[in-house]
Amino acid sequence: MGIAVRPLGDAVGAEISGVDIARLGDDDFAAVERAWHTHSMILLRGQTLGGDDLLAFSRRFGELDPPPNQERGRISPPGYPEIYVVSNVLDKNGDPIGALGAGEAVWHTDMSYLDTPPDASMLYALEIPPEGGDTWFCGMQAACEALPADLARRLEGRRIKHDGTYNSGGYLRKGVTPTDDPMAAPGAWHPAILRHPANGRATLYFGRRRNSYVEGLSRADSDALLEDLWAHVTQPQFVYRHVWRVGDLVMWDNRSTMHRRDPFDGAARRIMHRTQIKGGAKPVAFAA
Ligand code: OGA
Ligand code: MN
């Protein structure tokens, strides 16, 4: 069976079929990597991966980053500190085995509150609720190309402060002081429009909406601009909705996509394992 790549939408995503990640030759890996560079998000269904398989596949893309600090710190499966668990399931003491609960996770890109965020993240689906918990992806290169001229002018040359206080589930990160002031919040400054290091294309880079701030503007003007920008990038033509099946492996580019998750019934079980590929370089402005 040969490898095949089928786009999932106009702006972001492709499904790759004919691939068994646990026994992937170098030529097929090169095709997977090319599809990832072209489509910013890839889906491989029907995989059967142990922790070692997931780590081995992840490492083919580069060095790994440790998991993010979440509401209960960093939670990993025993013996796998580089794997991060996203789950609402409780252990025998009644504590969650992972992060993000069963609620909505708002639009974001991973760990952009760091100076050098991870280039990519991947999620492998171990248990999936019967409904809900879909993950949505937004193509920030297509959104950038379609940016209305007045928004482009208002954003030109500016940087954005990315907040490190709250995660996408709205939870306070462990040990961080709560604040609604972007200037007081921990985080990182990044150019609002990046040059993608692999394909040279311009991409919008927003991180999270909460506590976000556009450099050089009043808070009110920054908020007004951010509202217009977020309304633009989250339009349906830039978005793909992923309905999960057990065995799905999804990998996304954190520079050129954002993602969010629908809530699901907290009585149902959802278990995902995630890895994150360390950033090769700090984000660079498109114009620079
Ligand atoms: C993540 C994330 C959403 C989901 O792991 O980075 O945002 O669908 N997960 O679990
Ligand atoms: Mn995320």
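Rounded to the nearest 0.05, what FRET efficiency do ARG45 and GLU145 have when you use their Cβ-Cβ distance and R0 = 35 Å?
Working: r = 29 Å, r/R0 = 0.83.
Calculated value: 0.75.
Mind telling me which of LEU49, LEU151, LEU204 comes out most flexible in a GNM of the chain, alpha-carbon contacts under 10 Å?
Between LEU49, LEU151, LEU204, it is LEU151 that shows the largest mean-square fluctuation.
So what is the relative contact order for the chain, in percent, with contacts set as C-alpha pairs under 8 Å and at least six apart? Before the final figure, lay out each step's value.
Working: 663 pairs, mean separation 93.7, N = 288.
With pairs under 8 Å counted, the relative contact order is 33 percent.
Ordered by residue, what ³J(HN,Hα) values in Hz, to whole numbers, does the stretch 263-269 give under the Karplus form 6.51 cos²θ - 1.76 cosθ + 1.60, where θ = phi - 60° and Gly and Pro are x?
Per-residue couplings from phi come out as x, 8, 5, x, 7, 8, 10 Hz.
Provide the net charge surrounding PRO178, with neighbours chosen by a C-beta distance below 14 Å and charges set as Lys +1, Arg +1, Asp -1, Glu -1.
Details: positive: ARG173, LYS174, ARG210; negative: GLU71, ASP163, ASP180, ASP181.
It works out to a net charge of -1.
Using a simple spin-label model with points 7 Å from Cα along the Cα→Cβ vector, what separation in nm is obtained for HIS37 and ASN199?
That separation, rounded to one decimal, is 1.1 nm.
Any idea how far apart ASP95 and ASP27 come out in nm if each label point goes 7 Å out from Cα toward Cβ?
4.9 nm
Rounded to the nearest 500 deg cm²/dmol, what is the calculated helix-only ellipticity per residue at 222 nm for the chain, with -39500 (n - 2.57) per DSSP H run of length n ≥ 4?
Working: 5 runs with 51 residues, N = 288.
Theoretical 222 nm ellipticity from helices: -5000 deg cm²/dmol.
When the chain is modelled as a GNM with alpha-carbon springs shorter than 10 Å, which of GLU33, GLU15, GLU82 fluctuates the most?
Of GLU33, GLU15, GLU82, the Gaussian network model singles out GLU33 as fluctuating most.
In nm, give the distance between the simple-model label positions of ASP221 and ARG72, each being 7 Å from the Cα along the Cα-to-Cβ direction.
Distance between label points: 4.5 nm.
Running a GNM on the chain with Cα contacts under 10 Å, which residue among MET183, MET258, MET122 ends up with the highest mean-square fluctuation?
In this elastic network of the chain, the residue with the biggest mean-square fluctuation among MET183, MET258, MET122 is MET183.
Within the chain, what percent of beta bridges assigned by DSSP are antiparallel, to the nearest 5?
Details: 50 of 54 bridges.
The answer is about 95 percent antiparallel.
Among 50-57, 172-179, how do they line up by average Cβ neighbours within 10 Å per residue, starting with the highest?
On the way: 50-57: 16.5, 172-179: 12.6.
Per-residue mean Cβ counts within 10 Å order the peptides as 50-57, 172-179.
With r defined as the distance between the Cβ atoms of ALA184 and ARG6 and R0 fixed at 35 Å, what FRET efficiency is calculated, to the nearest 0.05? Mind showing how you got there, number by number?
Numbers: r = 46 Å, r/R0 = 1.33.
The pair ALA184/ARG6 has a calculated efficiency of 0.15.
For the chain, place one equal point scatterer on every Cα, skip the solvent, and apply the Debye formula. What is log10 of I(q)/I(0) at q = 0.17 Å⁻¹?
-1.52
Given the stretch 104-243 reduced to its alpha-carbon atoms as identical point scatterers, what log10 I(q)/I(0) does the Debye formula return at q = 0.12, 0.19 Å⁻¹?
Computed log10 I(q)/I(0) values: -0.51, -1.26.
Would you please put 187-193, 4-10 in order of how densely packed they are, using the mean number of other Cβ atoms within 10 angstrom per residue and starting with the highest?
Numbers: 187-193: 20.7, 4-10: 14.6.
The most tightly packed comes first, giving 187-193, 4-10.
If you average the sequence gap of Cα pairs under 8 Å that are 6 or more apart and divide by the length of the stretch 86-130, what percent do you get for the contact order?
Relative contact order comes out at 23 percent.
Read the figures in this text as sums done on the coordinates, not as results from a lab. Remember, predicted model here, so these are calculated numbers, not experimental data. FYI the Cβ positions are ideal-geometry reconstructions off the backbone, even for glycines, and counts take in every protein chain you see.
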